[in-house]
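Since the structure comes first, as structure tokens, the remarks are kept for the end.
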Amino acid sequence: MPSDIRLRLTIRRHGIPEVKLVWPCAASEDFTIAKLLSQVNDVIPLESGQWGFEDYAVELADASGDNFECLHYQRVAAVFKNDDQVLIRSLLTDDLKRRRLSGRHQISSDGKHLVDGLAFGRPWLRTPVIDLQLRFLPENELALRTRTMNSMLKRTRKKRRCEESCFWKRRNLYA
């Protein structure tokens with residue numbers, strides 16, 4: 001019989017003060033990260049009209065203070081041990097963009113929203129099929145694009161400085 005574990009939870013929701021609490025949870029075979037979020041939601045509201053469980057990241061903190069994200073289908077007993085520091089945080093716009101670009105967030109051909117290849121909360125029974133084809137740029141093309149972007153930024157900055165100086169010159173003429 002698996003024993004229960006106690007987690008030290010920190011919950012950061014968008015625009016709401018942080019909540020810290022001790023959370024006991026079952027270390028059973030079918031208790032996943034998604035079910036942990038659902039259980040926490042019964043006490044500390046996470047879901048709302050705009051926010052769902054897939055809009056949160058569950059992260060495990062290590063001794064050096066770095067956080068490592070847990071996947072929604074992972075078993076709590078396999079990932080956490082007693083007195084682990086766990087952070088539940090709302091994803092920022094940049095996080096969501098990175099997830100879409102990397103293929104972690106997708107929409108299947110039948111319209112289902114997939115997170116890491118699975119519908120949120122579904123168990124991982126086999127390796128998920130990820131439709132996204134990532135194209136890694138060759139080193140020379142990557143360097144060329146970086147130089148192009150840098151030169152565009154320099155021109156934009158130079159143009160902005162010129163416009164600012166012209167503004168101040170005109171202002172002094174009419175003062």
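Relative to the current alpha-carbon distance between Trp51 and Leu21, full extension at 0.36 nm per residue lengthens the span by 8.6 nm.
Excluding same-chain neighbours fewer than eight residues apart, the aspartates and glutamates reachable from Lys81 by a Cα-Cα span under 20 Å are Asp4, Glu29, Asp30, Glu59, Asp62, Asp66, Glu69.
Were the residues from Glu69 through Leu144 laid out at 0.36 nm apart, the gain over their Cα-Cα distance would be 23.7 nm.
An ellipsoid equivalent to the stretch 5-102, defined through the eigenvalues of its Cα gyration tensor, has semi-axes of 20, 15, 14 Å when rounded to whole angstrom and sorted largest first.
Fewest Cβ neighbours within 10 Å first, please rank Ile5, Ile11 accordingly. Could the numbers behind the result be given before it?
Values: Ile5 18, Ile11 22.
Placing the least packed residue first, the sequence is Ile5, Ile11.
Based on other C-beta atoms within 10 Å, arrange Ser38, Ser48 from fewest to most. Please report the intermediate quantities before stating the final value.
Details: Ser38 14, Ser48 10.
Taking fewest neighbouring Cβ atoms as first place, the list is Ser48, Ser38.
A straight Cα-to-Cα reach below 17 Å connects Lys154 with the aspartates and glutamates Glu163, Glu164, residues fewer than 8 places away in its own chain not being considered.
Neighbour counts of other C-beta atoms within 10 Å: give me Thr148, Thr32 arranged from fewest to most.
Ranked by crowding around the Cβ, least crowded first: Thr148, Thr32.
The length gained on full extension between Arg161 and Asn41, counted as 0.36 nm times the residue separation minus their Cα-Cα distance, comes to 38.1 nm.
The numbers here are math on the coordinates, done by the rules we state, and not lab data. Since this is a predicted model, take the numbers as computed values, not measurements. Positions of Cβ are backbone-derived with ideal geometry, glycine not excepted, and every protein chain shown enters the neighbour counts.
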